[in-house]
Amino acid sequence: MKTYQLFIGDEFVDAAGGEWFNTLDPFTGEPWARVPKAGQADVDRAVAAAKAALEGPWGKMSASDRGMLLHKVGELIEANADKLAEVECRDNGKLKSEVMGQVRYVAKYFYYYGGLADKIQGVVVPNDKPKVFNYVKYEPMGVVASITPWNSSLLLTAWKAGPALAAGNTMVCKPSEFTPASLLDLAALFVEAGVPAGVFNVLTGFGAECGDPLVRHPDVARVAFTGGDEGGRKVYASAAAGLKPVSLELGGKSPNIVFDDADIDNAVNGVITGIFSAGGQTCMAGSRLLLQDSIYDEFLEKLVKITRAAKVGDPSDPSTEIGPVATLPQFEKVLSYIDIAKKEGARCVAGGNRLTGGAYGAGQFVEPTIFADVTNDMRIAQEEVFGPVLAVLRFTDEDDALRIGNDIRFGLAAGVWTSSLHRAMYITERLKAGTVWVNNYRSTSYTTPFGGFKHSGIGREGGVDAVREYMEAKSVWISTELKMPNPFVRKY
């Protein structure tokens, strides 16, 4: 079994408390690595290292030099993509082919934000005060706490680290206790790139002992969190105690809306991509399929046929199309929602079972599952399952689709399938979602913002604006007068 260590101040160290825990392979169900269980003392040490880097070499470095180091990190990620993908695949059970694509894309986040580092410009303000010169500059906030979930540890960390480091901040990162390994391997690349000690730190552990103390630490200036809305509320409350700004990229129950004028085959492929990619374990999953009445039966028949043919199994096998559920608690949660849907009266037309024996072994496998005849008041239509489970609902016209699509506490993403430009514009303007895809699904980029409405979060990640999320605006006023007037001398 492989043994990992915490990464603090450019050194790999054991946890101060001397405690460890195992991370499991979702395919075999067996432990494959041992990682340290960090606590308050480790949080204190990591934050101190990050603060020292901010006040020392990193804070004194030019923006151009910071950008060059971030670019070097990106180069090393590309060079080590196979190793990083193998570790993340083993930790969370995602398809090796999918993780490889993600890891290579992680490198591009560091290229992009490395290039932006010296292009963050202030502004001269033409103000209404005579003989005073006013300009606004942007400065780093300080130490940033990053907390990421188990589904895409490397990618979601890059969403935060790219803009935060480009802005001149330092970071302490806590990956999920279920998938801690790949981020520790990433940390070694920061050393190789020559990034100053303390700029990037990684703590492995649990929420109560590590995550919450990190969020509450008085020297942490900002918190960036990705996870479920329940976890987001807890982080928000902890950060509020210190009046700290947060970005929260939370859950979703995204509607994927197919109109009767859509290219049916294209839409079927898009719906499958939206729900079964990554085994449905993505916040942006199109887990609510809204079908117009006139195409409901035809579309559902084609969708079920392709879904039943999907190959489920070993995520390292290139022919596998759906891997295991990443964690045991999540596996049990997915199975419980399948039972809930059946009890609520939804009709299971594909899947609906746990897969055991043979090639599945002791792994956490759930058949790709489709429920038809779902109504929007059912829990399967309202609550995030975060697994390979699709709820199919009917709608009559555009306004009915909007009513159903928006009748949810989440607002992360949505899909629209139509051949009408007018309809596409009408629907996208009225959907309450941070991202809307038209005739495609799951497209994301480091060049554009991503985030949600309502309970799907606060703030945006990606694009130029993400850098400003990690900076403070400072207004500077310079008098052009040689002498200040005496305020107590009255003129009559």
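The values are calculated or read from the model by the stated rules, or taken from the named source; none is laboratory data. Please read all numbers here as calculations on a predicted model, not as lab measurements. All Cβ positions, glycine included, derive from the backbone under ideal geometry; neighbour counts span all protein chains shown. Please note that ligands, DNA and RNA were not included when accessible areas were found on the heavy atoms of the full protein model with its side chains. Shrake-Rupley method; radii C 1.70, N 1.55, O 1.52, S 1.80 Å.
Here are a few things to note about the model shown:
- Leu214 being surrounded by 24 or more Cβ atoms within 10 Å (Cβ to Cβ), in contact (Cβ under 8 Å) with a residue 12 or more places away in the chain and touching a Ser or Thr at 6+ places or on another chain (Cβ under 6 Å): no
- Any hit, the stretch 228-243, residues being of a type in the set (Val, Ile, Thr), in a helix (DSSP H, G or I), under 25 Å from the mean Cα position of the chain (by Cα) and closer than 20 Å to Pro368 by Cβ: no
- Screening the stretch 1-109 for helices (runs of 4 or more DSSP H) wholly inside it with 3 or more residues that are closer than 30 Å to Ser319 by Cα returns the ranges 63-79, 81-92.
- Of the residues making up the stretch 376-390, just one is farther than 16 Å from Lys333 by Cα and either in contact with a Lys or Arg (Cβ under 9 Å, 6 or more places away or on another chain) or among the small types (Gly, Ala, Ser) (or both), namely Asn376.
- Failed condition for Ser316, given (1) surrounded by 15 or more Cβ atoms within 10 Å (Cβ to Cβ); (2) assigned to a helix (DSSP H, G or I); (3) within 29 Å of the chain's Cα centre (by Cα): (2)
- Of everything listed in (1) open to solvent by 10 Å² or more (accessible area, probe 1.4 Å); (2) of a type in the set (Gly, Ala, Ser); (3) in a helix (DSSP H, G or I), the single unmet condition for Ala197 is (3).
Residue by residue, here is whether (1) among the hydrophobic types (A, V, I, L, M, F, W, C); (2) within 30 Å of Lys96 (Cβ to Cβ) holds:
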site: Ala15; (1), (2): yes, no
site: Trp20; (1), (2): yes, yes
site: Asp25; (1), (2): no, yes
site: Thr28; (1), (2): no, yes
site: Pro31; (1), (2): no, yes
site: Val35; (1), (2): yes, yes
site: Gly39; (1), (2): no, no
site: Arg45; (1), (2): no, no
site: Ala52; (1), (2): yes, no
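- Considering residues of the stretch 86-112 that are among the acidic types (Asp, Glu) and open to solvent by 10 Å² or more (accessible area, probe 1.4 Å) only, the residue farthest from the chain's Cα centre (by Cα): Glu86
- Looking at the stretch 113-186, the strands (runs of 3 or more DSSP E) lying wholly inside it that each contain 1 or more residues that are in contact with a helix residue (DSSP H, G or I) (Cβ under 9 Å, 6 or more places away or on another chain), at pLDDT 95 or above and open to solvent by less than 20 Å² (accessible area, probe 1.4 Å) sit at 143-147, 170-174.
- Residue, least open to solvent (accessible area, probe 1.4 Å), within the stretch 48-85, restricted to residues that are of a type in the set (D, E, K, R) and touching a residue at least 24 places away in the same chain (Cβ under 8 Å): Arg66
- Looking across Gly415, Gly463, one residue alone is free of Cβ contacts under 8 Å to residues at least 40 places away in the same chain and of a type outside the set (Asp, Glu). It is Gly463.
- Filtered residues of the stretch 280-297 (kept if among the aliphatic types (A, V, I, L, M), surrounded by 23 or more Cβ atoms within 10 Å (Cβ to Cβ) and in a helix (DSSP H, G or I)): none
- Residue match in the stretch 200-217 (condition: touching a helix residue (DSSP H, G or I) at 6+ places or on another chain (Cβ under 6 Å), aliphatic (A, V, I, L, M) and in a helix (DSSP H, G or I)): yes
Yes/no matrix, rows are residues, columns are (1) in contact with a helix residue (DSSP H, G or I) (Cβ under 7 Å, 6 or more places away or on another chain); (2) of a type outside the set (Gly, Ala, Ser); (3) at pLDDT 95 or above:
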| position | (1), (2), (3) |
| --- | --- |
| Asp14 | no, yes, yes |
| Pro31 | no, yes, no |
| Gln40 | yes, yes, yes |
| Val47 | no, yes, yes |
| Leu76 | yes, yes, yes |
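- Filtering Gly363, Gly358 for residues that are modelled with pLDDT under 95, open to solvent by 40 Å² or more (accessible area, probe 1.4 Å) and under 27 Å from Glu332 (Cα atoms) leaves a single hit, Gly358.
- Flag if Ser277 is in a loop (DSSP other than H, G, I, E, B), polar (S, T, N, Q) and open to solvent by 10 Å² or more (accessible area, probe 1.4 Å): no
- Checked against the criterion of being within 24 Å of Ala433 (Cα to Cα), out of contact with any Lys or Arg (no Cβ under 9 Å at 6 or more places or on another chain) and small (Gly, Ala, Ser), the candidates Ala262, Ala285, Ala310 yield just one match: Ala262.
- Hey, Ser287 touching a Gly at 6+ places or on another chain (Cβ under 9 Å), at pLDDT 95 or above, over 21 Å from Tyr360 (Cα atoms) and among the polar types (S, T, N, Q) or not: yes
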